[in-house]
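The values are calculated or read from the model by the stated rules, or taken from the named source; none is laboratory data. The shown structure was predicted, so the numbers you read here are calculated from the model rather than taken from an experiment. Cβ coordinates were reconstructed from backbone atoms using ideal geometry, including for glycine residues, and neighbour counts include every protein chain displayed.
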Amino acid sequence: MNDKERPQPETSAGATALSLRRVAIDTYQENVAFMHRHCETYRAEGFRALNKVRVRAEQRQVYAVLNVVDDEAIVGPDEIGLSEQAFDQLELEPGARAEVSHAETPASMDAVRRKIGGARLNEADFRAITRDIADNRYSRMEMAAFLVATGESGLDREEILHLTRAMTASGQHLHWDERQVVDKHCIGGIPGNRTSMLIVPIVAAHGMLMPKTSSRAITSPAGTADTMEMLAEVNLTPQQMHEVVRREHGCLAWGGRARLAPVDDKLISVERPLGIDSPGQMVASILSKKLAAGSTHLLIDIPVGPTAKVRHMNAALHLRKLFEYIGDRLGIYLEVIITDGSQPIGCGVGPALEARDILRVLENDPEAPNDLRQKALRLAGRILEFHADVRGGYGYDIARDILESGRALEKMKRLIRAQGAREGDLAPGRRSTEIAATESGFVAAIDNQQINRIASLAGAPGDRRAGVDLLCKLGDAVTAGDPLYRIHAEYSADFEFAVARAREYSGYRIGDHPPHRTGFSEF
């Protein structure tokens, strides 16, 4: 007797239970359920595509957005399919019996609607919203409504504090039983700015605890986790992170596996593609992650430049005050520095190219990009000065000595072994072409956003060997026909898209005079 001939068990509401099926689709941070159009339960319950449903099986349940299919190869009429993320949450085997019912609209949406109307929310409101988001009771559209409401109406300082606390409470916390746990975060937007992979081995070699959890790229060519994954395993459990950090005083891991402030990951998956990045959300996002990771001392890097995420000094100073206010009330020692974001940092943009730059700096290679080296040393020096035994102003020299002596390289090798070395080829993609200057003069400006777009079109970070290799930086003299940068890609379609975009607009502006400021500068 096959499954269709067997008597089907009844649910508590009298509806037929369905067989649970794993649908091998990665829906990234969103639970999706699949039902066949001719499923009796689908028709009897009046479901519609994009309805939210509740799937219950063996005392477990998940909420998901419903997709309706006509192909039995995906899901049959007597089955309920779940995407990879949703299926993993049930922790059951395929074939388990499951009930499907309409999901009620989360009560916390009332608070979202009040915020859309300009009301001020309290801590209970934010905790209810983040709890429902963590439980996957919000669809992407509802999360977008929350993000737009908090972005358009704005969040005052107390609301940012409430949101940060609520997001911190939404997941696991790491505990290190140490008086000082240091960390560093850059708010992003600068291509190639992979300083964390240099700072962690320098600081850890000095003996300070620096468990660095980093993100993967969503719309940029690479995140720190993507670049570190060229060298080592980053998908570490909290237990594995503890083992590595206890042994080596540091790590460079992907934060998603540790489930630190998971609501933040869900919101980021919606806000970045939509280009939503309000100051309040940014502060809550960063600090909730750091608090959940157990940090006690934090350095924030805010790059400022005409094509950076923060474009004006007034905006950077406002953001610094927000960080300091929230950090002070949450009991984390925090310093914010404002740095030069007028151009990419380093030469490579894309995981393999950035990993190459990192290794060159660690190896004290003469070809190592000096701007990346100098910025990493200055930031590492500021973190070293958190330590009571390091006098103010001496951190840079200590960091430089650790790097030049080879201790940072040795620490990175130990971190790679402890996390699990990956044997990867750091050679760039086999398809490449150079984008040349169309006139003679000096490199007067570089568009960070355009360089990021070109590297992404080339395939990064999905294609780890794709990206952009910069050959000229601000202030360099060029002659018409000189190469400005080289595009690398593995796949022809990606390569053609990136080259077409670069030839339409290179991202470089050539002027008669070099710009006034080049290299690293701290305002």
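Given the structure, is I218 within 17 Å of the chain's Cα centre (by Cα), assigned to a loop (DSSP other than H, G, I, E, B) and of a type in the set (V, I, T)? Steps first, please.
Working: within 17 Å of the chain's Cα centre (by Cα): yes; assigned to a loop (DSSP other than H, G, I, E, B): yes; of a type in the set (V, I, T): yes.
In short, yes.
It is to be established whether one or more residues within region 484-496 are at pLDDT 95 or above, touching an Asp or Glu at 6+ places or on another chain (Cβ under 7 Å), over 23 Å from A352 (Cα atoms) and in a strand (DSSP E or B). For region 484-496, residues at pLDDT 95 or above, touching an Asp or Glu at 6+ places or on another chain (Cβ under 7 Å), over 23 Å from A352 (Cα atoms) and in a strand (DSSP E or B): absent. Give me the residue from region 67-110 that is part of a loop (DSSP other than H, G, I, E, B) and closer than 28 Å to D125 by Cα and, out of that set, modelled with the highest pLDDT. Among those that are part of a loop (DSSP other than H, G, I, E, B) and closer than 28 Å to D125 by Cα, it is S108. Within region 155-176, residues that are part of a helix (DSSP H, G or I) have Cβ atoms under 7 Å from residues that are of a type in the set (S, T, N, Q) in these pairs: H162/N122; T164/S288; A166/T130; M167/T130; M167/S288; T168/S288, counting only partners at least 6 apart in sequence or on another chain. Against the list (1) modelled with pLDDT of 95 or more; (2) over 25 Å from L409 (Cβ atoms); (3) more than 14 Å from the chain's Cα centre (by Cα), the condition R247 fails is (2).
Only one entry of A225, A253 meets the criterion of being assigned to a helix (DSSP H, G or I) and assigned by TED's automatic domain parsing to the domain that holds V203, and that entry is A225.
Among the residues of region 439-464, those that are within 19 Å of the chain's Cα centre (by Cα), assigned to a loop (DSSP other than H, G, I, E, B) and crowded, with 19+ Cβ neighbours inside 10 Å comprise G459, A460, P461, D463, R464. Among the residues of region 362-407, those that are closer than 19 Å to H249 by Cβ, small (G, A, S), over 24 Å from the mean Cα position of the chain (by Cα) and surrounded by 18 or more Cβ atoms within 10 Å (Cβ to Cβ) comprise G381, G395, A399.
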